[in-house]
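The values are calculated or read from the model by the stated rules, or taken from the named source; none is laboratory data. Just so it is clear, the structure is predicted and the values come from calculations on it, not from any experiment. No Cβ is skipped: glycine too gets one built from the backbone with ideal geometry, and neighbour counts run over all protein chains shown. For accessibility, only protein heavy atoms count, side chains too; no ligands or nucleic acids. Shrake-Rupley method; radii C 1.70, N 1.55, O 1.52, S 1.80 Å.
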Amino acid sequence: MNNTKRIFLVCSMMVLALSGLFAQEENSSSKPTIVYGQNPRRMPIGGITVEGVDNYEDYLLIGISGLSVGEYVAVPGDEITAAVKRYWKHGLFSNVRIEADKIQNDSIYLKIILSTRPRVSQVNINGVKKSERDDLEQKMGLSKGMQITPNMVDKAKIIAKNYFEGKGFKNAEIEILQRDDLSQPGQLILDVDVDKKEKVRINHIYITGNDHIKRKKFVGGFFGGGLLKKTNEKGFKSFFKTKKFIDEKYAEDKDRVIDKYNELGYRDAQIASDSIVSVGDNLVDIYLNIDEGQRYYVRDISWVGNTIYNTSALSQILNMQKGDVYNQKHIQERLKSDEDAVSNYYFNQGYVFNRVDPVEIKSDGDSIDLEIRIFEGTQASIDKINIYGNTRVYEDVIRRELKLKPGDLFSMDAFKMSYQEIGQMGHFDPEQIKFEPVPNQETGMVDLNLGLTPKPSDQVELSLGWGYTGVILKAGLKFTNFSMRNLFGKNKMRRGILPQGEGQQFEISGSTNGSYYQSYSVSFFDPWFGGKRPNSFSISGYYSRYTDINSRYYNNAYMNSYMSMLYGYGNYNNSYYNNYSSYYDPDKYLQVYGVSVGWGKRLNWPDNNFSLSATLAYTRYSLKDWEYFLITDGACNNINLTLQLSRISIDNPIYPRRGSQLALSVSFTPPYSLFDNLDYTELSAHTGYGDADRMRNLQKIYRWIEYHKWKFTSKFYTPLSSASKCFVLMTRFDMGILGHYNSHKKSPFETFYVGGDGMSGYSSSYYSETIALRGYENGAFTPGNYYGYAYTRLGVELRYPFMLSGATNIYGLAFAEGGNAWTDAKKINPFDMKRSVGVGVRITLPMVGMMGIDWAYGFDKVFGSKNDAGSQFHFVLGQEF
């Protein structure tokens, strides 16, 4: 009976509990209570709502949870817990809660309650300089509008701490405070307070155990050069060296010390102990104890696995003999890292999967037996060439410059040549070309990835100058990515109405000051004429007209009388009255017409850097009462052919670091004096200023100009370090000779106008070639009728880049050069050089090209006077010396 009562009582309680549960489900006015101690119950989600966040759409916030309507979840269970963790992991919320809003019809309705983290309205960085503030803003990643998390604050502190440690402020303290922005509810202000303290400097470095490397080798001299390159003691001897202590640089210097010992054969050398001791006043002493170990020598070298190259050839590349010091640095360089290392010999022949491993097979006392194990692998061919970043030219214009094609065997020489050709195109930033071989071990082939950054290379010139007849205006346009084929056709790559994409050059320019001077030119150049082979084609035309000043201007009886000036009257050479623009005389002029057509070809021998070009040109000079030249009246004709052999191997056309530019050219006209049956000896004998037939004889002599002109130019570029931003030494040597077929028919045209800035002159450019020699006046070595028939020039220039950024480049230079000009090639004297030194800067800007200014000082007298030497400023526009 008692058992029956107990069973009845338990059943009654279960019924009451279930009744309460279902009653709770039906009652929507109160929230259900989830008891976490009871067994979970699986039920579908009937709905999800979000509250607490106004700036985001509900569906985005619900999506973060990973929950969806209709999904079955355990209540209580892991799905809800995982959803809460997702919100915390997202980092945008300072409070997260998921509640059961109601349970109805066996479905649970969830409410997600969120509180967002405040956004940053302002970031203040205190206690630093402006440049440091700008750096910290970028590095810390704290910016206006972002939501701040504790993790972000901790990370920013670490970044700031490391930043100042890198500058020598080892004891810097960083504190980041958050305060509410009262003017913008829900936002806060970050105050980054920096106390840099004083820089920690090195008082003294104590070195022990260094029996075979002197202390001076560790600490270096007055200008540096020690093994402890970035760890230097304070004091006068370190005046030009950094004295601040930086942990990272100190670790690098310790590695450098061990590398030096390994290079000297001390294979087992190590830093036995080191310590940094504070001595007050932000100074530390460094104690460095070296365990040098013994010195090792090479007893035997053997090669294993080589079939492509024989052992003697590889030994010659390694350049290490039995009995040599065991120099690990030399071994690594000659086997792997040098451009002509053993590994690169294989790599250059397409064996891109090769491995070269030096192994010590035996150590006996101080002797090492070395075995060099080679895995040659198989030759790899090119699979794909992927080009990305190009928005400048058609892709086939790039691919035609590559020396490697899909299916070709990989060659390092061809790879480097391709890199060089792309850099010299002028359409992409050479500093940002990313050209990488990507070997695929599975396929045994290589992909080439070519990343490009386009840069503007078109140029617009608009300048004002001053000539003896007034202001000269010059305007010009140079399009370096022209497409003649698409000029009248449909073309997707256009800039306005201008077709582009094929890398052709089209240039048009003009200069004038009105009536007195006009000059116009137009030219076209195609580096791949026909598009199939690298054969260039060029054509150009030009016209110039120079007009003189009316004779009445000079003959004014009173106002411009030289004799009146001697007596203190009149206005001779007075700038107010010397207004040349009022005395235009169209009957005194020089007109120059010219056309040229050229062809060029890239050569494969002696190497791929050579090219050969030929240019046929015709120029006609028409003169009337032109008293500024040897011939004042008549017409002169110049038909010449120029052949040029050149070699260009520079890595960057704007700021070359390595390579060279060489050119040997000869220009010649037909030798008219050999077959025109004129007696030039007799004609030239009657060309003096007192001869009645002087001008008639000069016209006969120079109606058809004849000469042969030889030129050699060279520039060599040598980087002084392996860094991309480094000093570069440029050395040069140039010379030119203008020869003749007949000594009585020496050409006054095509002579050399030597001295000054090298810019084409207003008054001399029509008959001579301008050669710069800084530190002297323009044309100082070939004044008036002193025609330059030979010149030499040599120089050295030290350059350093201040900015190399796409189309904007700035570099400074210091130079020393010498040169001279002579009226006869037989008078060339290599010891008679006019010397100068100076400094300058070059700036290359988009759409403008190169500009620059130099200050130079010429040391030597010119024709017995220093009037044309001494301190000189020279300006450069659109060309380089």
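Of the peptides 184-191, 105-112, the ranking by mean beta-carbon count within 10 Å, highest at the top, reads 105-112, 184-191.
Per-residue extension of 0.36 nm, minus the Cα-Cα distance of D357 and N637, leaves a gain of 93.8 nm for this segment.
Placing a pseudo-label 7 Å from each Cα along the Cα-to-Cβ vector at L603 and T208 gives an inter-label distance of 6.7 nm.
Among the trypsin sites (Lys or Arg not before Pro) within the range 692-791, those in coil by DSSP and having at most 15 neighbouring Cβ atoms inside 10 Å are R703, K725. Distance between the 7 Å Cα→Cβ label points at A82 and D58: 2.5 nm.
Of E57, E442, the residue with the largest accessible area leads and the full order is E442, E57 (1.4 Å probe). Computed over neighbours whose Cβ is under 11 Å from that of T751, the net charge equals 0, Lys and Arg +1, Asp and Glu -1. Residues whose amide H falls under 5 Å from that of A380, counting only those 5 or more places apart or on a different chain, are Y351, V352, F410, with hydrogens built in the peptide plane.
Taking every protein chain into account, the 1.4 Å probe leaves R295 with about 90 Å² of accessible area, to the nearest ten.
Annotation: amide H-H contacts under 5 Å for I290 (H modelled 1.01 Å from N, sequence separation of 5 or more, or interchain): T208, G209, N210, A272.
Here the Karplus curve 6.51 cos²θ - 1.76 cosθ + 1.60, taken at θ = phi - 60°, turns the phi angles of the range 196-211 into couplings of 5, 6, 8, 5, 7, 10, 9, 7, 7, 10, 9, 10, 10, x, 8, 6 Hz, with x standing for Gly and Pro.
Overall dimensions of the chain, expressed as equivalent-ellipsoid semi-axes from the Cα gyration tensor (√(5λ), whole Å, largest first), are 75, 41, 33. The calculated FRET efficiency for the pair L720 and E173, based on their C-beta separation and a Förster distance of 41 Å, comes to about 0.55. Residues in the range 808-819 carry Karplus couplings, in order, of 9, 9, 9, 9, x, 8, 10, 9, 9, 8, x, x Hz; the curve used is 6.51 cos²θ - 1.76 cosθ + 1.60 with θ = phi - 60°, and Gly or Pro positions show x. Scalar couplings 3J(HN,Hα) for the range 332-346, obtained by applying the Karplus form with A = 6.51, B = -1.76, C = 1.60 to θ = phi - 60°, are 5, 5, 6, 8, 10, 8, 5, 4, 9, 6, 4, 4, 6, 4, 5 Hz; x denotes Gly and Pro.
Each stretch of four or more DSSP H residues adds -39500 (n - 2.57); spread over every residue of the chain, this sum gives -5000 deg cm²/dmol at 222 nm. With a 1.4 Å probe and every protein chain kept in, tell me what percent of the accessible surface of the range 361-493 is carbon plus sulfur. Within the range 361-493, the accessible surface is 54 percent carbon and sulfur. The Cβ shell under 14 Å around R703 holds other residues with a net charge of +1, Lys and Arg each +1, Asp and Glu each -1. Computed over protein heavy atoms with a 1.4 Å probe, the carbon and sulfur contribution to the accessible area of the range 669-815 reaches 57%. How far is helix 2-26 tilted, in degrees, relative to the longest principal axis of the Cα atoms in the chain, given as a value from 0 to 90 rounded to the nearest 10? Between the helix axis and the principal axis of the chain, the angle is about 30 degrees. Taking a point 7 angstrom from the Cα of S183 along the C-beta vector, which residues in the range 114-147 have backbone N less than 19 Å away? In the range 114-147, the label zone of S183 (backbone N under 19 Å from the point 7 Å along Cα→Cβ) covers 119-126, 143-146.
Between F859 and K416, the FRET efficiency from the beta-carbon distance, with R0 = 35 Å, is close to 0.25. For the range 119-257, the carbon plus sulfur part of the accessible surface works out to 49%, probe radius 1.4 Å. On the principal axes of its alpha carbon atoms, the range 132-274 extends 70, 34, 21 Å, with the longest extent given first. Measuring only protein heavy atoms, the 1.4 Å probe finds W855 accessible over about 90 Å². For the range 635-691, the relative contact order is 31 percent, taking Cα pairs closer than 8 Å that sit 6 or more residues apart in sequence and dividing their mean separation by the residue count.
The Kirkwood hydrodynamic radius of the range 604-657, based on inverse pair distances between different Cα atoms, is 15.0 Å.
Surface exposure of the chain, expressed per residue as accessible area with a 1.4 Å probe, stands at 53 Å². Considering only the other residues whose Cβ falls under 9 Å of the Cβ of I276, what net charge follows from Lys and Arg at +1 and Asp and Glu at -1? Once positives and negatives cancel, what remains is -3. Taking amide H positions as modeled 1.01 Å from N, with prolines and chain starts lacking one, the residues under 5 Å from V862 and 5 or more places away or on another chain are N867, D868. Inter-label distance, S115 to V438: 4.9 nm, where each label sits 7 Å from its Cα along the C-beta direction.
Inter-part distance, the range 691-726 to the range 136-156, computed on C-alpha centroids, equals 63 Å. What FRET efficiency do you get for I317 and L729 if R0 is 25 Å and r is their Cβ-Cβ distance, rounded to the nearest 0.05? So the FRET efficiency works out to roughly 0.35.
Relative contact order for the chain: 5 percent, from Cα pairs under 8 Å spaced at least 6 residues apart, divided by residue count. Specify the inter-centroid distance of the range 355-389 and the range 278-351, based on alpha-carbon positions, in whole Å. For the range 355-389 versus the range 278-351, the Cα centre distance is 13 Å. In terms of overall dimensions, the range 66-167 has a Cα radius of gyration and Dmax of 20.6, 68 angstrom.
Once the chain from D154 to T681 is taken as fully extended at 0.36 nm per residue, the excess over their C-alpha distance is 180.3 nm. A full extension of the chain between V595 and S94 corresponds to an added length of 172.6 nm, given 0.36 nm per residue minus the alpha carbon distance.
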